[in-house]
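As structure tokens, the structure follows; a few thoughts come after it.
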Amino acid sequence: MRTAIDAAGRVVIPKALRDTLGLTAGQPLEIMERDGRIEIVPAPTPMRLVDDGEGVVAVADTDMPVLTADMVRDTLERTRR
């Protein structure tokens, strides 16, 4: 896929690629230079570890979408390809 940088320095990630990678509007991304290439990755979700009495669990510091069986199935199918 090909895209371009506009006069304001913005790069559009093509819709097909956004859909494949599960990227959404407003999602934080990290951008860096690595070996002369630009690398863009989703920013990690801030989390903290909490002891819930039965063990330690990771709790997101931001609201997260409800994880459904369909989401898990779709993710498994994408990673198996």
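Some notes on this structure:
- Note on region 33-68: residues that are of a type in the set (D, E) and within 14 Å of the chain's Cα centre (by Cα) total 1.
- Among the candidates R10, R73, R81, R37, residue that is on the phi < 0 side of the Ramachandran plot, open to solvent by 100 Å² or more (accessible area, probe 1.4 Å), modelled with pLDDT of 95 or more and out of contact with any Ser or Thr (no Cβ under 9 Å at 6 or more places or on another chain): R37
- Criterion violated by E30 - all others in (1) more than 15 Å from the chain's Cα centre (by Cα); (2) open to solvent by less than 90 Å² (accessible area, probe 1.4 Å) satisfied: (1)
- Inside region 57-71, residues that are farther than 11 Å from T45 by Cα and either β-branched (V, I, T) or assigned to a helix (DSSP H, G or I) (or both) make up a count of 6.
The values are calculated or read from the model by the stated rules, or taken from the named source; none is laboratory data. As the structure is a computational prediction, the values presented were derived from the model and not from experiment. Glycine gets a Cβ as well: all are built from the backbone with ideal geometry, and neighbour counts include every protein chain shown. Side chains are part of the model used for accessible areas, which takes the heavy atoms of the whole protein and leaves out ligands, DNA and RNA. Shrake-Rupley method; radii C 1.70, N 1.55, O 1.52, S 1.80 Å.
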